[in-house]
């Protein structure tokens, strides 16, 4: 009955809420006195009759007591944890780690991101230990955020109270509620430079759920007096009003809407609860339409922050369902698409590529697994079980049909395959095992070819991360800080990503807002089959502060599954330039360069290894680690640095493969992973290619390689003149393939695996007619 009644209340809500402005929904933020506090409640509700009587008599002490009594008596609506569910007796001793953590809160000691502070007296809610270069307080310090987001109520103080029934924890919570409310007057309008830390937009919204958790942990305690409860309600209502009047952006907007929805759902006694809830749902629909691509990616394109949005959507759906008022399909569909996207780009260890401002390691698997409970039945049980397989690394669920995945609106592509020994000797007619590419010991390369994103951006188009055998040999180099400064700019720049510099200049899409959002999905750049994957992308938005556009970069990546990748960087344009392809290793890798072959490789005894083989020897190869052009100059040019956490810096190897000369140019490298103590072993030889007029085609036009592996020989052809995998016109060419003979082919991609007798074991092509030799189609021998 309680859910039916609550649903009826919501259904009776006028649908004009969405048309109201934030100022109409929340005309005033501060609550100045007891009268204004009770004006926030719908005192005509029957269950608040005693409260109304006391208010009309101006006996606010009695009104507070009646209101507290009402909340202690009611059992609906429900939260994710409810005060009446507190165990009456403990069967097990509470964990010592929990009690130790709770003791630090009693001592007013707080720690976040390796920084800590202890307040000898009252908590300094506006604690600001550092300033930005312009003298403005740094509100982005994690410790500052942590103090006012109150996660310790949910994670430490509340659980310790339930585990022990020790009133010291309840007394501390009640004291913090009163102190915070009294010493932090509500802000009305957010100002980036002036609004104090307790009222920063994300902090005010995020902390709202923590306050509701706190109330449910401690409501039954005698330490929670009517005055404490009134202070709690005052703060909560002010947080919601402030949140409505001060909209934020990107994932933070969903946190705000989650907060308003939570308060409106859990406190229907508030006069504006129904309108607030309707407004939050309408604004959520607007956010979904404006900020989520059809492939499920948020337009900010920072995978780590997408998990924040997923949590907000899931919490809204879960809370509504628990109270018998399930949300409309648009919200459930958005959660499903956002989950599918993040699961699809996840690496085999359950982390997502740390593109943009994603703080690594971003282990999102637990968050994604929780969302499956709300996966819409309309999308099918099979798809849900495939997602479960992807998220649990194959421990549960059903293998998806394909290992490699594409998100064409976000422009993120992940090539996956089963992880085996270095270039495993195997027959190419061997069946790919179900679920290959989703286990911790498998291989994956995630490539970023899409728009810049609307926030948390890095200048990293055409960058990639490489995962192999449970390790991240080539990866993102970190964030360092969300606050402006030298190191923040350094780690957001092209110089710290696995892409390319031109004349020492990086990308500058920040100066070109048209590049921030995709107007349509990428097409014609992605191929997946049983033998290989292929992807390409283009950067043409200019280099350096002036957005110099004399050179464009097209990167094409070919994955000979499950063994190695060929990375092509095609540089078109005009003029003489220096081109530098960058490959960033995580610090634990012991990296060397073989001077004769110019191969750069890791020589790890206990970690997987990787080798980077330049196809051509006329390149310069340099290894930089913790390099600074001018020592002791804080603003000097740098390379080879990694940020493992907030404001931390460590040296890390960076391989620079450099070519100089007039455009067009091409830099091509083979990436080969290997198991620990295994030496990556591969070599490549260019083949001569001629066109229909018998003109020898340059390496900037066609890449034709004979690749020698432990398993045998591969013939690989990529016609770089075709910028799409679905070439619209034939590109006739003849490839002189040594003992194998001359191959005639007019398509984009050709891959042939040969045995030691130079017989074809596998033949795959993309575009054009099938390849021929001596006028006959090239077909694999029968096994």
Handout entry: Longest to shortest principal axis, alpha-carbon extents of region 109-268, angstrom
Key = 48, 38, 25
Fill in the blank from the handout: Cα extents of region 405-677 along the principal axes, largest first, in whole Å, come to 53, 43, 39
Problem - Added length on full extension, which subtracts the Cα-Cα distance from 0.36 nm per residue, residue 493 to residue 540 - result: 15.3 nm
Practice task
Taking the Cβ of each residue in 638, 395, 314 as the centre, tally the other Cβ atoms inside 10 Å and list the residues starting with the fewest.
Solution key: 395, 638, 314
Fill in the blank from the handout: Rounded to the nearest 10, the angle in degrees between the Cα long axis of helix 201-218 and the longest principal axis of the Cα atoms of the chain comes to 60
Problem - Column: log10 I(q)/I(0), Debye, Cα scatterers of region 186-252, q = 0.18, 0.20, 0.22 Å⁻¹ - result: -0.70, -0.81, -0.92
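Multiply the residue separation of residue 49 and residue 402 by 0.36 nm, subtract the distance between their alpha-carbon atoms, and state the gained length in nm to one decimal. Provide the component values of the computation, followed by the final result.
Numbers: separation 353, 0.36 × 353 = 127.08 nm, distance 6.15 nm.
Here the segment from residue 49 to residue 402 would lengthen by 120.9 nm.
Which whole-number percent is the relative contact order of region 295-445 (Cα, under 8 Å, 6+ apart)? Intermediate results must be reported in sequence, preceding the final value.
On the way: 236 pairs, mean separation 35.9, N = 151.
Reported as a whole number, the value is 24 percent.
Could you line up 240, 630, 263 from fewest to most neighbouring Cβ atoms inside 10 Å?
Values: 240 30, 630 10, 263 24.
Final ranking by Cβ density, sparse to dense: 630, 263, 240.
Just to check, using Stokes-Einstein with a Kirkwood Rh over alpha carbon pairs, what's the diffusion coefficient of region 337-403 at 25 °C and 0.890 mPa s in µm²/s? Could you put the intermediate results ahead of the total?
Working: Rh = 12.1 Å.
Once the numbers are plugged in, D ends up at 202 µm²/s.
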Problem - Translational diffusion of region 171-214, µm² s⁻¹ [Kirkwood Rh, Cα pairs; Stokes-Einstein; 10 °C; 1.306 mPa s] - result: 139
Practice task
Would you give the gap between the C-alpha center of region 605-649 and the C-alpha center of region 725-751, rounded to a whole Å?
Solution key: 38
Handout entry: Rg followed by Dmax, in Å, when region 241-300 is reduced to its Cα trace
Key = 12.2, 39
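Using 1/(1 + (r/R0)^6) with R0 = 60 angstrom and r between the beta carbons of residue 774 and residue 596, what's the FRET efficiency to the nearest 0.05? Walk me through the intermediate numbers first.
Values: r = 38 Å, r/R0 = 0.63.
Efficiency at R0 = 60 Å is approximately 0.95.
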Problem - Point-to-point label distance, residue 23-residue 106, nm (Cα→Cβ direction, 7 Å offset) - result: 5.0
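Normalised by the residues of the chain, what does the relative contact order come to in percent, with Cα pairs under 8 Å and at least six apart? Intermediate results must be reported in sequence, preceding the final value.
Values: 1636 pairs, mean separation 62.9, N = 783.
Averaging sequence separation for qualifying contacts and normalising by length gives 8 percent for the chain.
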Practice task
Whole Å is fine, so just give me how far the alpha carbon centre of region 317-386 lies from that of region 464-509.
Solution key: 27
Fill in the blank from the handout: In vacuo Debye sum over C-alpha of region 682-783, base-10 log of normalised intensity I(q)/I(0) at q = 0.12, 0.14, 0.15 Å⁻¹, listed in q order, is -0.35, -0.48, -0.55
Problem - Principal-axis tilt of helix 167-183 within the chain, Cα atoms, nearest 10 degrees - result: 90
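Over all distinct Cα pairs, what is the inverse of the mean 1/r for region 131-217, reported as the Kirkwood hydrodynamic radius in Å? Mind showing how you got there, number by number?
On the way: mean 1/r = 0.0706 Å⁻¹.
It works out to 14.2 Å.
Can you give the FRET efficiency to the nearest 0.05 for residue 189 and residue 130, using r as the Cβ-Cβ distance and R₀ = 25 Å? Display every interim value, and only then the final one.
Details: r = 25 Å, r/R0 = 1.01.
According to the calculation, E is roughly 0.50.
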Problem - region 291-386: proportion of alpha-carbon pairs further apart than 17 angstrom, % - result: 47
Completion exercise
Taking the alpha-carbon centre of each part, the distance from region 26-44 to region 219-269 in Å is 13
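What's the exposure ranking of 325, 615, going from fewest to most Cβ atoms within 10 Å? Intermediate values should be presented prior to the final figure.
Details: 325 18, 615 21.
Going from sparsest to densest Cβ surroundings: 325, 615.
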Practice task
Report Rg/Rh for the chain, rounded to two decimals, where Rg is the Cα radius of gyration and Rh the Kirkwood radius.
Solution key: 1.04
Exercise for the section: Just grab the label-to-label distance for residue 56 and residue 84, each label 7 Å out from Cα along the Cβ direction, in nm (one decimal). Expected result: 2.8
Exercise for the section: Taking only the C-alpha atoms, wrap a convex hull around region 541-625 and report its volume per residue in Å³ as a whole number. Expected result: 141
Practice task
Can you tell me the relative contact order of region 464-547? Whole percent, Cα pairs under 8 Å, sequence separation 6 or more.
Solution key: 21
Handout entry: Nearest-ten-degree value, helix 226-245 long axis tilted from longest Cα axis of the chain
Key = 40
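Could you compute Rg(Cα) / (2.2 N^0.38 Å) for region 2-291, with N its residue count? List each step's numbers first, then the result.
On the way: Rg = 19.2 Å, N = 290, 2.2 N^0.38 = 19.0 Å.
Working it through for region 2-291, the quotient is 1.01.
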Fill in the blank from the handout: What helix-only [θ] at 222 nm does the chain give? Using -39500 (n - 2.57) per DSSP H run of at least 4, over all residues, to the nearest 500, the answer is -9000 deg cm²/dmol
Problem - Point-to-point label distance, residue 36-residue 606, nm (Cα→Cβ direction, 7 Å offset) - result: 6.2
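Taken together, the values in this text are just the output of simple stated rules run on the coordinates, not laboratory data. Please read these numbers as outputs of a predicted model, since none were measured by experiment. Cβ sites come from the backbone with ideal geometry, for glycine too, and all protein chains shown count toward neighbours.
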